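Colleague: Let me give you the structure first, and then I'll get to my questions.
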Amino acid sequence: MDLRKIKKLIELVEESGIAELEVRDGDEAIRIARPGGMATPVALQPAAPALQPAPPSRGSAAAVVAAPMAGTFYAASAPEAERFVRVGDRVEVGQVVCIIESMKMMNEITAEHAGVCSEILVDNGQAVESGQALIALG
């Protein structure tokens, strides 16, 4: 592996707060671990949409769009841009509903089911955890 790539991987581990990273490229492999195993919980999942049944306290919501990864929630593609979804909007299958920035990558989160946005459960720019409910669909 190239030394520049290794340095970049080390920087990503430090910035993300994960405890350990292992990368394989063909027959080469590298494992980077933080000293003392100190880490911020980060789930290594694909940026696919996640829909989970609404918690019992949500009452009228049929499902919630949940964060498939830890990161920062953004309701629009840019600060001055129109929000992807507002309360009362009809959401269609495959529609982008938000962006989660994780490890300096912008991941579009799409809906797997159609519904009406009944509530946006997090604030723009808020840090979210993997599995956290983001948008309630009714």
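The values are calculated or read from the model by the stated rules, or taken from the named source; none is laboratory data. Just so it is clear, the model here is predicted, and its values are computed rather than measured. All Cβ positions, glycine included, derive from the backbone under ideal geometry; neighbour counts span all protein chains shown.
Colleague: Can you name the strands (runs of 3 or more DSSP E) wholly within segment 63-138 that have at least 2 residues being within 21 Å of Ile18 (Cα to Cα), in the same structural domain as Gly17 (by TED's automatic domain parsing) and of a type in the set (Lys, Arg)?
Modeller: Numbers: elements: 63-66, 71-74, 96-102, 105-110, 115-120, 133-137.
Ranges flagged: none.
Colleague: Quick check on Ile18: is it touching a helix residue (DSSP H, G or I) at 6+ places or on another chain (Cβ under 9 Å), assigned to a loop (DSSP other than H, G, I, E, B), at pLDDT 75 or above and outside the structural domain of Cys98 (by TED's automatic domain parsing)?
Modeller: In short, yes.
Colleague: Continuing with the same structure: Give segment 11-31 a look and list any residue that's under 20 Å from Ala70 (Cα atoms) and surrounded by 13 or more Cβ atoms within 10 Å (Cβ to Cβ), or say none.
Modeller: Leu12, Val13, Ser16, Gly17, Ile18, Ala19, Leu21, Val23
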